[in-house]
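To start, the structure under review is shown below, and the notes come after it.
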Amino acid sequence: MYVDVTFNVSTQLNDLPVGEYVIKEGYGYGGLIIYRAQRSSFYVFDRACTYRPNKKCLVSEDNKFGLMECPCCGSSYQLSQEGMVFNGPSTVPLKQYEAIYIPPNELRVTNQ
């Protein structure tokens, strides 16, 4: 699915702190997870589980361990580790989009 969108970090991402994430619906296959790794470094993932992509199987936070977990298969993913699988059955990391930080305050997300 084609994605090419620019977000204002202050207003549209609520000045996202380092180590935190925000979910933006309406983009990609299942929505976007935007994770701020460093002040000028972001990871952007699709919310769809990679085990069996399905619009009903969108990862959300597992409050016990701070991971993103699929409600359908139980796979969990680490945002801080570029969406890598923490626990299967999935063996494929979350789909990652290109995140381009444009100083001082914009983030372009694309898969061109």
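Given the structure, is LEU13 buried (at least 20 other Cβ atoms within 10 Å of the Cβ), under 15 Å from the mean Cα position of the chain (by Cα) and on the phi < 0 side of the Ramachandran plot?
So LEU13 fails the test.
Given the structure, is SER60 more than 30 Å from ASN105 (Cα to Cα) and under 15 Å from the mean Cα position of the chain (by Cα)?
So SER60 fails the test.
State the number of residues belonging to segment 67-110 that are surrounded by 14 or more Cβ atoms within 10 Å (Cβ to Cβ) and β-branched (Val, Ile, Thr).
Residues meeting the conditions: 4.
Taking segment 2-22 as the search range and keeping residues that are part of a loop (DSSP other than H, G, I, E, B) and in contact (Cβ under 8 Å) with a residue 60 or more places away in the chain, which one is farthest from GLY66 (Cα to Cα)?
Looking at residues that are part of a loop (DSSP other than H, G, I, E, B) and in contact (Cβ under 8 Å) with a residue 60 or more places away in the chain, I get TYR2.
No lab work stands behind these numbers, since they all come straight from the coordinates. Given the structure is predicted, the values throughout are model-derived calculations rather than measurements. Ideal geometry is used to build each Cβ from the backbone, glycine not excepted, and the neighbour counts take in all protein chains shown.
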